[in-house]
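Novice: Submitted below is the structure of interest, expressed as structure tokens.
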Amino acid sequence: MSKSIALLACDTLMPSVVEEHGDYDVLFPILLHSAGKQLGIDDIASKCKLDYYDVVKKMEYPTDEQLDTYDGILITGSKASAYEDIEWINKLVEFTARVATTKPKLKIVGICFGHQIVARALGGRCVKNGGKWEVGPTAVALTALGKEVFGVDTLSVLTASTLETPQYIEEMHQDHVPEVPPTFHLLGSTVVSVNQGMVRFDSPRESQSPVALSNIHIFTVQGHPEFNEPIVTKLVAARKAQGIIDAATAADATERAYWQNDGVGVVGKAILGVYGVI
């Protein structure tokens, strides 16, 4: 059965990225298609359809009637801060809280800013991380639950001496969720940000029971599985030139630019599982 997803676009990427790689309405279908292809599914477009909603300039959302036709929503990243007292952000927080409460069968996925919005909407908070940036492919140490959800031992290796295959996710943020909101379970952490992803299940989960992705109601990650090296390289150069990212952070991200990116093979596959596509 085909799945329908409402893509809540919280930003527009800079023109040079859009021109070469597309905006979020292009990047997320590519992410899911690429993840499906790795799983041997070549027709993801027919199995998972994303409808675009501009929640920033147009502040447009699916109606309650339309929501009843969707299987899930996906909240994208943004250069905005989830804690800002701005009309469109407050509306998104209110919408997320209402949907999570009144539409329990609707799967919610939050990416970076979307991860932070989910936290704010459901009893947590988002704050600036003391001036600390995370940029580029970053090592994430998974909890026991995170290993089950992602189907891997770690989302990274933290030392070069390990025999495990390195796995990483692209990051681009200085705001973060400093703890795990009530009713959520932590998936993983980095040295800089403790909450790198979290899930809430459809119903209380027995700690020893196997994880079924289809039983996850809400799934979020702080990283950007839809980003790749060329996109992040453009963002780093532009934000360094604008003085948004300092020279040391930009240099560090540049050194790691070609490290492995498991956004597709690990996170993308998990998203398909949560939505019930696989």
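Novice: State which residue is nearest to residue 101 (Cα to Cα) when the search covers only the stretch 35-65 and only residues that are among the polar types (S, T, N, Q) and at pLDDT below 95.
Specialist: 46
Novice: Quick check on my filter: what residues within the stretch 200-223 are in contact (Cβ under 8 Å) with a residue 60 or more places away in the chain and in contact with a strand residue (DSSP E or B) (Cβ under 6 Å, 6 or more places away or on another chain)?
Specialist: Those that are in contact (Cβ under 8 Å) with a residue 60 or more places away in the chain and in contact with a strand residue (DSSP E or B) (Cβ under 6 Å, 6 or more places away or on another chain): 200, 202, 216, 217, 218, 219, 220, 221, 223.
Novice: Test of understanding: among 65, 87, 60, which residue is free of Cβ contacts under 8 Å to residues at least 60 places away in the same chain and touching a Phe, Trp or Tyr at 6+ places or on another chain (Cβ under 7 Å)?
Specialist: Exactly one of 65, 87, 60 is free of Cβ contacts under 8 Å to residues at least 60 places away in the same chain and touching a Phe, Trp or Tyr at 6+ places or on another chain (Cβ under 7 Å), namely 60.
Novice: Sticking with this structure for a sec: Within the stretch 35-52, which residues are outside any helix (DSSP H, G or I), touching a strand residue (DSSP E or B) at 6+ places or on another chain (Cβ under 9 Å) and buried (at least 17 other Cβ atoms within 10 Å of the Cβ)?
Specialist: Hits for the stretch 35-52 are 48, 50.
Novice: If you don't mind, there's one more thing I want to ask. Here is a list: 180, 232. Which entry is in contact with a strand residue (DSSP E or B) (Cβ under 6 Å, 6 or more places away or on another chain), of a type in the set (Val, Ile, Thr), assigned to a loop (DSSP other than H, G, I, E, B) and surrounded by 15 or more Cβ atoms within 10 Å (Cβ to Cβ)?
Specialist: Sole residue among the options that is in contact with a strand residue (DSSP E or B) (Cβ under 6 Å, 6 or more places away or on another chain), of a type in the set (Val, Ile, Thr), assigned to a loop (DSSP other than H, G, I, E, B) and surrounded by 15 or more Cβ atoms within 10 Å (Cβ to Cβ): 180.
Novice: Report, by residue number, each residue of the stretch 11-29 that is closer than 14 Å to residue 237 by Cβ, buried (at least 17 other Cβ atoms within 10 Å of the Cβ) and out of contact with any Lys or Arg (no Cβ under 6 Å at 6 or more places or on another chain).
Specialist: 13
Novice: Quick check on the stretch 1-10: of everything there that is assigned to a strand (DSSP E or B) and within 16 Å of the chain's Cα centre (by Cα), which residue is surrounded by the most Cβ atoms within 10 Å (Cβ to Cβ)?
Specialist: In this case the residue turns out to be 8.
Novice: Could you tell me which of the residues 103, 58, 47, 79 is closer than 21 Å to residue 224 by Cβ and of a type outside the set (Gly, Ala, Ser)?
Specialist: Step by step, each of 103, 58, 47, 79 is checked, and only 79 is closer than 21 Å to residue 224 by Cβ and of a type outside the set (Gly, Ala, Ser).
Novice: Can you tell me how many residues in the stretch 59-111 are within 22 Å of residue 178 (Cβ to Cβ), in a strand (DSSP E or B) and among the hydrophobic types (A, V, I, L, M, F, W, C)?
Specialist: Counting residues in the stretch 59-111 that are within 22 Å of residue 178 (Cβ to Cβ), in a strand (DSSP E or B) and among the hydrophobic types (A, V, I, L, M, F, W, C) gives 4.
Novice: All but one of (1) over 23 Å from residue 198 (Cβ atoms); (2) surrounded by fewer than 18 Cβ atoms within 10 Å (Cβ to Cβ); (3) in contact with a helix residue (DSSP H, G or I) (Cβ under 9 Å, 6 or more places away or on another chain) hold for residue 212, so report the exception by its number.
Specialist: Checking residue 212 against (1) over 23 Å from residue 198 (Cβ atoms); (2) surrounded by fewer than 18 Cβ atoms within 10 Å (Cβ to Cβ); (3) in contact with a helix residue (DSSP H, G or I) (Cβ under 9 Å, 6 or more places away or on another chain), the one that fails is (1).
Novice: Does residue 18 satisfy being part of a loop (DSSP other than H, G, I, E, B) and of a type in the set (A, V, I, L, M)?
Specialist: When the stated conditions are applied, residue 18 does not pass them.
Novice: Still on this model: Which residues, taken from the stretch 133-152, are of a type in the set (Ser, Thr, Tyr) and either outside any loop (DSSP other than H, G, I, E, B) or buried (at least 23 other Cβ atoms within 10 Å of the Cβ) (or both)?
Specialist: 138
Novice: Answer with yes or no whether residue 227 is closer than 27 Å to residue 152 by Cβ, in a strand (DSSP E or B) and in contact with a strand residue (DSSP E or B) (Cβ under 6 Å, 6 or more places away or on another chain).
Specialist: Spelling it out, it is not the case that residue 227 is closer than 27 Å to residue 152 by Cβ, in a strand (DSSP E or B) and in contact with a strand residue (DSSP E or B) (Cβ under 6 Å, 6 or more places away or on another chain).
The values are calculated or read from the model by the stated rules, or taken from the named source; none is laboratory data. Everything numeric here is computed off the predicted structure, so don't read it as measured data. Because the Cβ atoms are built from the backbone with ideal geometry, glycine has one as well, and the counts that use them run over all protein chains shown.
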